[in-house]
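To keep things clear, I will list the structure first and then write my remarks on it.
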Amino acid sequence: MLVEENPAKHRYEILVDDALAGFTQYLPRAEVLIFTHTEVDPAFQNMGVGSALIRGALDQVRAQGQRVVPQCPFMAAFIEHHPEYADLVTSPA
């Protein structure tokens, strides 16, 4: 599984065997990304793809020195269950 940012579409995408398996969409606001929606293709659900996508996106956000506003319920739940990412959360500007 490979997680890559697609800045043109304002989202992080996860590829499984070169197929787009899902994405998490964001609105860029300076150094903050407001994540609004996460979607995993039904063919890839219940395989850990969503969690791998969020983990990969958050790791890249951290590496770029950015913060997140997890408006997407899936991302918010992931961060709640993985407190090592809680430091990335901020309020909308």
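Label-point separation (nm) for residue 43 and residue 17, each offset 7 Å from Cα along Cα-to-Cβ?
Here the answer is 0.8 nm between the modelled labels.
Rounded to the nearest 20 Debye, what is the dipole magnitude of the chain about its Cα centre when Lys and Arg each give +1 and Asp and Glu each give -1 at the C-beta?
320 debye
Would you mind counting up the charge near residue 91? Only other residues with Cβ under 14 Å from its Cβ, with Lys and Arg at +1 and Asp and Glu at -1.
Value of the local net charge: 0.
Using every Cα-Cα pair within the chain, state what percent have a distance larger than 18 Å.
Taking all Cα-Cα pairs of the chain, the fraction more than 18 Å apart is 37 percent.
Once label points are set 7 Å from the Cα along Cα→Cβ at both residue 90 and residue 4, what is their separation, rounded to one decimal in nm?
Rounded to a tenth, the inter-label distance reads 2.8 nm.
Helix 49-63 versus the longest principal axis of the chain: what is the Cα-based angle in degrees, 0 to 90, to the nearest 10?
40 degrees
Lys and Arg at +1, Asp and Glu at -1: add these up for the other residues within a Cβ distance under 15 Å of residue 66 and post the number. Provide the component values of the computation, followed by the final result.
Numbers: positive: 11, 29, 62, 67; negative: 5, 31, 59, 87.
Here the count lands on 0.
Within a Cβ distance under 15 Å of residue 25, other residues only, what is the Lys/Arg minus Asp/Glu net charge?
Within the 15 Å Cβ shell, the charges total -2.
Once you've got the GNM for the chain with C-alpha springs shorter than 10 Å, pick whichever of 22, 56, 48 has the biggest mean-square fluctuation.
48
Taken together, the values in this text are just the output of simple stated rules run on the coordinates, not laboratory data. Keep in mind that what you see is a predicted model, and the values were worked out from it rather than measured. Don't worry about glycine lacking a Cβ; one is built from the backbone with ideal geometry, like all the others, and counts go over all protein chains shown.
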